[in-house]
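Following: one structure in structure tokens, then a few remarks.
The values are calculated or read from the model by the stated rules, or taken from the named source; none is laboratory data. What you see is a predicted model; the values in this text were computed from it and never measured. Counting neighbours? That spans all protein chains shown, and the Cβs are built from the backbone with ideal geometry, glycine included. Only protein heavy atoms, including side chains, enter the accessible area calculation; ligands, DNA and RNA are left aside. Shrake-Rupley method; radii C 1.70, N 1.55, O 1.52, S 1.80 Å.
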Amino acid sequence: MTVLPAADAPIPIFTTLQELYGSLTIAAKHAGRWDKLVREFETKFGHKPTYVARAPGRVNSHDAGEHIDYAHFGVFPAAIEHDILIACAPRPASTATAHPDHHPPGSVVAENLQTRYTRQVFTPTRRHTLGDDVPPDAVRVAPWHLDIDKSELRWESYVKAGYYGVLNHFFSPSSTCPVPVPVDILVTGTVPPGSGLSSSAAMVVSSTLAFLAANGIFDGENAPTKGELVNIAMENERRVGVNSGGMDQSASVIALPGSALYVSFVPSLHAEPIVLPRNAVFVCANRCVQSARIVSNKAESAKHQYNLRVVETLGAARVPLKSSQPPILARKSGFHRDEQDAPREDLAQLRKGLEDILEGNVLDFLLSKVEGRTSITLEEMIEMSGMDEVQFREVYLSWVDVETTHFELYLRAKHVFEEALRVLQFREVCLGGGDDEESKLQTLGKLMNDSHESCNKQFDCSHPKVNDLVQVARNFGEVDTGRGKGRVYGSRVTGAGWGGCIVSLVHREDVDAFIVHVEKGYASYEGMSDEDLAGWVFATEPGMGACVFRCTD
Ligand code: GLA
């Protein structure tokens, strides 16, 4: 039997929740939500859903690995149990007569189980233009278009972003091609928005899958592999304004139960499931700012946070090289599957390269020449890059919105190289057979703590309340659990940062005591009900990636 590399496998289709969650207990826990979604779909639309698309959030639990995916260094995420579900079905002709306005080809009626997100109706258009290079009476059909307002992010923007990729990849802009069917969808989810657990990737991946399924492109020969779905979802997510790397989408799509994924991007997307030490449990705790909207901080503040970091990181990669093709700039528009036959990246060589850079203080020249500051101005950066201004703007700024007067190349680069090295070390510890379990956990925990310090001080993507929460979590190490001191090995911010969640590595036997300790110790949790707290602080085991559930009567 040939075992497909994880990224080349097909997206699974399930017909039972037990198969989908890989465990009867977890299936039983979620059955109520699924039933409710299917029932409400029928109530709202007058017909049954044919599929439910599911995509989980991710925790960059098992690492090190923050803010290095867009520089195409490997990362180490896993999927969590929390997910987005989208029930969908082609709108039957019988309901078309009842609502004639809702039935142009490809039209969508999108509902959300959360009542604050109101019903949305939209239809993609194809912009017909006269072509210059074709006979004057010919009409060229341009790509599909959906309006996504980046200045005011709305819940349906993520649905539209997913749909965009389906339209433009599977309904070619030729008049002879089949047109998409009208679709009804109902969304529900448990990934807290703006929490650093990838609610946006889960929304976009599940929306992409829902439109594929409703259009019957799912299990035929055109069906995308997991890796192809990752590429489409990344491209889609950029439509909502964040130039994210591929970590979240890879975890949400490719993850397998019981393993974290070592995801590498060079020379093409590759995912290696890696089993974690037996007693390692990752516990997420949210710094707890209730968001009234689905919009994540990452999207809203991208200009001076996330997208700015992308430019700083790529600028820092460019400057030392003074050549026209900086290797870690790589491909900003996705991974090229045609390179999949190229040899895999040599990780021992990569590790040696990173160590040489860090030990040799190679990055020092990125420091500002101005006494007392590390950052440089745009003019200084252009000058250091060896490019002229027009060229520089085209390569680094034309495709991304940023707002700043200064760029911190030195600190960002140092974080990226150190963090990339930590990921490799993390992977090696998990794979290594030699050490005993306890010392493995300690080494992993130290890597996580170091990662947090670097995110906080060098990458400036933590937040004072996140730091408080990290401290509370680490203090568990001083608590007497009756079995000795609390075994928390490390604690760090996860995801894009600037708020959101922390993740802590805790010994399996101490998880319950750890959760109680954090719930009691962090001031913002005071007075909350047990039910609310369960949504803010929870243990997570690596779960299944995206899939489609086929509804049967
Ligand atoms: C966000 C992005 C990811 C990654 C993380 C930071 O979640 O979507 O691509 O860059 O931030 O590690």
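Some notes on this structure:
- Under 5 Å, built H, 5+ apart or other chain: amide partners of Asp83: Gly57, Thr190, Val191
- FRET efficiency estimate (nearest 0.05) - Cβ-Cβ, His145 to Glu221, R0 25 angstrom: 0.35
- Segments 368-376, 438-446 sorted - mean Cβ within 10 Å per residue, highest first: 438-446, 368-376
- Amide hydrogen neighbours beyond the local backbone of Thr377, cut-off 5 Å, H modeled: Phe407
- Using a cutoff of 8 angstrom between alpha carbon atoms and counting only pairs six or more residues apart, the relative contact order for the chain works out to 23 percent.
- Neighbour-limited loop hits for trypsin sites (Lys or Arg not before Pro), the stretch 177-278 (at most 11 other Cβ within 10 Å; DSSP other than H, G, I, E, B): Arg278
- Accessible area per residue for the chain is 41 Å², calculated with a 1.4 Å probe on protein heavy atoms, without ligands, DNA or RNA.
- The string of couplings for the stretch 222-231 from the Karplus curve (6.51, -1.76, 1.60, θ = phi - 60°) is 7, 4, x, 6, 4, x, 5, 5, 4, 4 Hz, one whole number per residue in order, with x for Gly and Pro.
- Estimated [θ] at 222 nm from DSSP helical runs (n ≥ 4, -39500 (n - 2.57)) normalised by residues in the chain, nearest 500: -11500 deg cm²/dmol
- Derived scalar couplings ³J(HN,Hα) [the stretch 473-480; Karplus, 6.51 cos²θ - 1.76 cosθ + 1.60; whole Hz; x for Gly, Pro]: 4, 5, 4, 4, x, 9, 7, 7
- Straight-line cross-link reach from Lys352 at under 17 Å between alpha-carbon atoms covers these lysines, not counting any fewer than eight positions away in the same chain: Lys414.
- Entries of Lys44/Lys303; Lys303/Lys465; Lys48/Lys160; Lys29/Lys520; Lys485/Lys520 with Cα pairs more than 28 Å apart: Lys44/Lys303
- Two-site label geometry, Arg483 and Glu42: point separation in nm, points 7 Å out along Cα→Cβ: 4.6 nm
- In terms of its alpha-carbon gyration tensor, the chain comes out oblate; a/c meets the 1.5 threshold, while b/c is at least as large as a/b.
- Fraction of accessible area attributable to carbon and sulfur, the chain (%, probe 1.4 Å): 52 percent
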